[in-house]
Amino acid sequence: MSGPRRIATWLTDHAAVVLVAALLVTVVLGAGLPHLEGESSLGQFESDSPERQAQRAAAERFSSGQAENQTTVQLAVRGAEDDVLSRQSLRSTLELQRAIREDERIEPTLADESPTVGLENVVATSLVHRDEIAAMEARAEELERRERRLNATAEELRTALEDVRDRQRAYDELNDSHEAGEVGEGEYRNRSDELDAEIESIVAEAAADLDANETAAFERAAGTVRATQRTLHATDRDEFDSDAVYRRARNRLEDDLSAAYTDGTVGVLSDEYERLRADAADLRAERRALEESGQPPLDEQLAALEAANASTYEATLERLLEEREGPFSDLALEFLPADYEPGDDAGPPETRLIVVTQDRDPDASGNGPDAVDERHVESQRAIASLADDHAAGADHEYAIFGFGLFSEEIERSLTESLTIVAPIAVAFVVLTLAVAYRDPLDIALGVLGILAVLVWTFGFAGWAGIAINQVLVAVPVLLIGLSIDYAVHVIMRHREHRERASAGDDAVASASETDASDVRGSMTTALAGVGIALAWATVTTAVGFLSNLVSPIAPIREFGLVSTVGILAAFAIFGAVVPAAKVEIDARLERRGIDRRRRAFGTGARLGSILSLGARAARTAPLAVVACALVLTVASAYGATTVDTTLEQDDFLVEEPPEWTDDLPDRIAPGEYRANRDRTYLERHFQGGSARTQVLVEGDVTRPETLRRLAAAQNETGEMETVATDSSDGSAVESPLTVMETVAAENESFNASFQVADRDGDGIPDRNVGRLYDRLFEIAPDEAATVIARPEGSDGAAGSRSAIDESSAGGEYDSVRLLVDVRRDAPGERVTRETRALAATLESESAGDGTGTGTATTRTVGSTATVTATATGNPVVTHVLERAVLTAMLESLAITLAVVAAILAVAYRLTGVGAAFGAVTVLPVCLTVPWTLGTMAVLGIPLNALTGTVASLTIGMGVAYCLHVGSRYRMELRRGASTDDALAATVRGTGGALLGSAATTIGGVATLALAIVPILRQFGAITALLIAYAFAASVFVLPSLLVLWTRAVGPESASGASGDETSLETGSTGDAIETSADTGTAADAPSESEATADAVAGDSSDDAPVKTS
């Protein structure tokens, strides 16, 4: 007795034990179902690459301008015929804000300060403080007049000093002429007196409006100018040892002359300039205090908006948007489109923005504004509802985006996809089993078996802590398709054997060591034959799914693991549990006199002519068939190179449900989806055409050398092809240097600190960098925190550093970053390459070795400190993940090919045919990989998180079809059939059976194409295609390869063994069931799945012969 028969005998003899064990397993695994949780966050589809780790580190260390425990909802007001800048439009959105603040569903989640803010608040607040703003503007105008007067006076003083220098230059020339004897004594005295008088007159006239101290200072400066000019003149006449010495001497004198000009202009007026700066600082402080005072109550804002006349309203808008002067003017443009330019010919903007800020629970899990809970989901739905209701009564509409709405739509899309797909999948199961079985009890067993597969699979997921996500939604449908295939295989083979044994088929009787006419005996024979074939199919399919464990994306690894568990569960349930249940039930019913014998279906002639095309072509022109297949493969491979690798949020978001869903009943029809559409609108109008990349620099960042290399990297951004030229804040680069330069330009105190730290005057501090950072945090903490980080708990006190440590090495600051705005449409590969080049500059030059890589590699700065620079940011992280997905696809394909080929090589070697036959069997399904990828290119389906698994699945799921064909062909050769007859029997029998197998699997997975989530639709369609391609390759390409292989090794070697060798497909002896080919009965027998083909083809003729391999 063979091994498979012994196992089958034990299963049927101990059916009750099998059922009890299955029930226990179901109870244990089913207990894991309550532990199942849903996870719809798109953050789970990230990898743990160094770039992503750096991005997380940057998010934790640096300020983004938004409070840590807050999230926002953005509403874009879109005008129809109404101007979004009109007073009516602003009043309308203020009323919406009031409704939001007063709604009991929303109010508990709102931030305490300015929970809603938009342009309407800026305009209304400006009107409320109109008198204060007018007074500030008057003071600003007065300060400007004072500044102009001072500057004019300084210019007059400078002109006077220039005149003094000119006179002194003439004096020096007169002296030269006098010394040379060219001018007589009398003429010299007269001319010198004239020059002295002119100089005195110039000085007196320039100092006429100065006070005594200022006059004295100016006279000293004039004297210095004269003395320095005399020395310059003498220097030009002297002889020097070299030009270099001369240039150094002259440069020192030019510097002295420049200092004299400064002393005689700004220095003379220093007190007045200081008073002007002090008054301007006071005005700025008052303006800042007004801007930071918060919004007046909404009722007061509405009243101010109503009370303002048309001219006042228009003047306020003009001041805020066009003149951009006075309080709140900087804030106003933040709520208008990035490309809006006031005063141009484009007219009013198309839209404006309202921001609703909500508090997050600081103890809640997750970080960032996207970590929201159920309260935020419900409140943001309420905000959207209020906005829609409000828009219905106004002449505008709203585009709304919030992470709560975003999360809710993702979760709802999964639920509604299952709501649509599940009934269709169930209907497909019942219909397929009804057509194939035509027996209510067998149909019920099939349905219960599929339910058990799902319980085992997702019970395991629950115990393993694997959450249901967008990818795992595909697993139930996949398992349904495969389970139907397994179910039909087993039951049909059982019916075939029992019917033939009951009819007195001697071949079956002699092959069976039990009574094949009873339930138990026929099931034993069926399992001994079909079980090994299903086992091989299970192994290869499981390998294809398990190869996804190399994916960098956790949900894809979980998809591979859970799918493998499901496939094993399907094999166990339909290979053991369902047969055991059928044996027990049918035996009991027959003991009560109920006949449980049912007819199986034979092959249909209508499919024979189509399926035999491959065999006929193989007999006449096998090389031509193989050549055509290779040409198709090469063409497909070329197309496959154009397939996009993308990991876009859009793959998981529903843009608009298909039109056919409009006809569905209300209880299962999908709802409205707007998050993706509205998000795209907001990004297009308010984020401009740029995205942001960054370089995170970690380590000893207070070394002056680090700043020097940072400046070098900033300069390199000017050569970047991807850098944005339309950055929303006007600057494409931000770093500690740019922030310090900006603050220094606005704050005299910090500017003094900056100048002291910059000893060589090149704009890059070269001493006391740590203390300079301390000062920056004191004066502009928000700006500093965007680009400079220090460990938590550090207070940045300057006194914590040694006063004698001028380089500030080893200070408390542990990282800085360089931010670069890049074009949103720039290729990710180029953005990544250029950002890594910046990181390499920061690393390699800091080390002084020129070997930087732009990755997280440590480099030495000086002799004691280290620094790392890592390119990161969304464009870089996304590109790295896309490359990782592509690499993982190739790795999983290689793993699947290697493992499957090794398994088949060993198996075929053990059966005596040789390992080479395994390669012949696998080759056709290898061709289907480029076919599948080429089709994706034609259909515009990208390689994404889920479709990236198709290459390995093509091998894993497709090789079973070629395995059946190859094994049947060898079996026919061993019986003595010729190559032509063997092919004819193989295609007519096994080919038809495989058509049914493919049809059921395709039908099951194709239901995913009806899902409303794009990534599920794409996966369902492409999986159905890969199964169809695998079937086509097995019946149209493999026959030609088998013919060529047979011709190469000879028919005897091709058969691989004598009649008592073990068959890879059936696990029994080659002629255990079949009779001689001359009998006309068994030689033409179909393989284990023929009944499925007949069910699909509709051929159920009772006259059709029932045969089995």
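The values are calculated or read from the model by the stated rules, or taken from the named source; none is laboratory data. Note that the coordinates shown come from a computational prediction; the quantities given were computed from them, not determined experimentally. Neighbour counts are summed over all protein chains in view; Cβ atoms, including those assigned to glycine, are modelled from backbone coordinates with ideal geometry.
Just a yes or no: is a residue in the range 265-276 in contact with a Ser or Thr (Cβ under 7 Å, 6 or more places away or on another chain) and either within 30 Å of A222 (Cα to Cα) or modelled with pLDDT under 85 (or both)?
yes
Mind counting the residues in the range 639-651 that are more than 16 Å from T949 (Cβ to Cβ) and at pLDDT below 80?
Qualifying residue count for the region: 3.
Given the options A31, A54, name the one that is over 28 Å from F458 (Cα atoms) and not hydroxyl-bearing (S, T, Y).
Matching residue, one of A31, A54: A54.
Being more than 30 Å from E584 (Cα to Cα) and modelled with pLDDT under 90: is that true of I484 here?
So I484 does not fit the description; no.
A278 - would you say it is outside the structural domain of A99 (by TED's automatic domain parsing) and farther than 24 Å from P342 by Cα?
Yes: the conditions hold for A278.
Being free of Cβ contacts under 8 Å to residues at least 12 places away in the same chain and small (G, A, S) is the filter here, so list the residues in the range 433-463 that pass it.
Scanning the range 433-463 gives A434, A444.
What about L479, is it modelled with pLDDT of 85 or more, surrounded by fewer than 24 Cβ atoms within 10 Å (Cβ to Cβ) and within 41 Å of the chain's Cα centre (by Cα)?
No: the conditions fail for L479.
Tally time: how many residues in the range 134-154 are of a type in the set (D, E) and touching a residue at least 12 places away in the same chain (Cβ under 8 Å)?
2
Report whether or not G462 is of a type outside the set (S, T, N, Q), assigned to a helix (DSSP H, G or I), over 20 Å from A1006 (Cα atoms) and at pLDDT 85 or above.
Against the criterion (of a type outside the set (S, T, N, Q), assigned to a helix (DSSP H, G or I), over 20 Å from A1006 (Cα atoms) and at pLDDT 85 or above), G462 qualifies.
With the condition kept exactly as written, say whether any residue in the range 181-202 is closer than 16 Å to T228 by Cβ, assigned to a helix (DSSP H, G or I) and assigned by TED's automatic domain parsing to the domain that holds R226.
Within the range 181-202, one or more residues are closer than 16 Å to T228 by Cβ, assigned to a helix (DSSP H, G or I) and assigned by TED's automatic domain parsing to the domain that holds R226.
In the range 1-57, which residues are in a loop (DSSP other than H, G, I, E, B) and within 25 Å of the chain's Cα centre (by Cα)?
Passing the criteria: E37, E39, S40, S41, E46, S47, D48, S49.
Return the residues of the range 208-225 that are outside any helix (DSSP H, G or I) and over 15 Å from E155 (Cβ atoms); say none if nothing qualifies.
A208, D211
Mind checking whether some residue in the range 22-36 is closer than 25 Å to Q649 by Cβ and in contact (Cβ under 8 Å) with a residue 12 or more places away in the chain?
Within the range 22-36, one or more residues are closer than 25 Å to Q649 by Cβ and in contact (Cβ under 8 Å) with a residue 12 or more places away in the chain.
Yes/no per residue for (1) outside any helix (DSSP H, G or I); (2) surrounded by fewer than 24 Cβ atoms within 10 Å (Cβ to Cβ):
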| position | (1), (2) |
| --- | --- |
| T935 | no, yes |
| I941 | yes, yes |
| V950 | no, no |
| I955 | no, no |
| V959 | no, no |
| R970 | no, no |
| L983 | no, no |
| T986 | no, no |
| L995 | no, no |
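Please find, within the range 374-415, the residue that is nearest to R78 (Cα to Cα) out of those that are in a strand (DSSP E or B) and of a type in the set (A, V, I, L, M).
A399
Determine, yes or no, whether L96 is assigned by TED's automatic domain parsing to the domain that holds A387, in contact with a His (Cβ under 6 Å, 6 or more places away or on another chain) and not small (G, A, S).
Taking the combined requirement at face value, the residue satisfies it.
Would you confirm whether or not the range 667-687 contains a residue that is among the acidic types (D, E), within 30 Å of D330 (Cα to Cα) and outside any helix (DSSP H, G or I)?
No: the range 667-687 contains no residue that is among the acidic types (D, E), within 30 Å of D330 (Cα to Cα) and outside any helix (DSSP H, G or I).
Looking at (1) surrounded by fewer than 23 Cβ atoms within 10 Å (Cβ to Cβ); (2) out of contact with any Phe, Trp or Tyr (no Cβ under 8 Å at 6 or more places or on another chain); (3) not polar (S, T, N, Q), can you tell me which one I443 breaks?
The one condition I443 does not meet is (2).
What residue, among those in the range 852-873 that are at pLDDT below 90 and within 23 Å of the chain's Cα centre (by Cα), is surrounded by the most Cβ atoms within 10 Å (Cβ to Cβ)?
The selected residue is G854.
Which of (1) free of Cβ contacts under 8 Å to residues at least 40 places away in the same chain; (2) surrounded by 13 or more Cβ atoms within 10 Å (Cβ to Cβ); (3) within 22 Å of R252 (Cα to Cα) does V225 not meet, given it meets every other one?
(1)
Looking at the range 654-673, which of its residues are crowded, with 20+ Cβ neighbours inside 10 Å and within 20 Å of the chain's Cα centre (by Cα)?
Across the range 654-673, the qualifying residue is only V654.
Just checking, which of A977, A1021 is surrounded by fewer than 21 Cβ atoms within 10 Å (Cβ to Cβ), out of contact with any Gly (no Cβ under 6 Å at 6 or more places or on another chain) and not in a helix (DSSP H, G or I)?
Every option except A977 fails the conditions.
Within the range 576-631, track down each residue that is outside any helix (DSSP H, G or I) and modelled with pLDDT of 85 or more.
Within the range 576-631, just A621 meets the criteria.
Here are some residues: R149, R101, R78, R87. Which one is under 27 Å from D678 (Cα atoms) and surrounded by fewer than 16 Cβ atoms within 10 Å (Cβ to Cβ)?
R101
Among the residues of the range 522-562, what is the count of those that are farther than 18 Å from V922 by Cα, surrounded by 22 or more Cβ atoms within 10 Å (Cβ to Cβ) and small (G, A, S)?
Result for the range 522-562: 7.
For every residue, the table says whether it meets (1) farther than 20 Å from L479 by Cα; (2) modelled with pLDDT under 85; (3) of a type in the set (S, T, Y); (4) more than 27 Å from the chain's Cα centre (by Cα).
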| site | (1), (2), (3), (4) |
| --- | --- |
| E416 | no, no, no, no |
| V429 | no, yes, no, yes |
| P440 | yes, no, no, yes |
| G446 | no, no, no, yes |
| L451 | no, no, no, yes |
| V455 | no, no, no, yes |
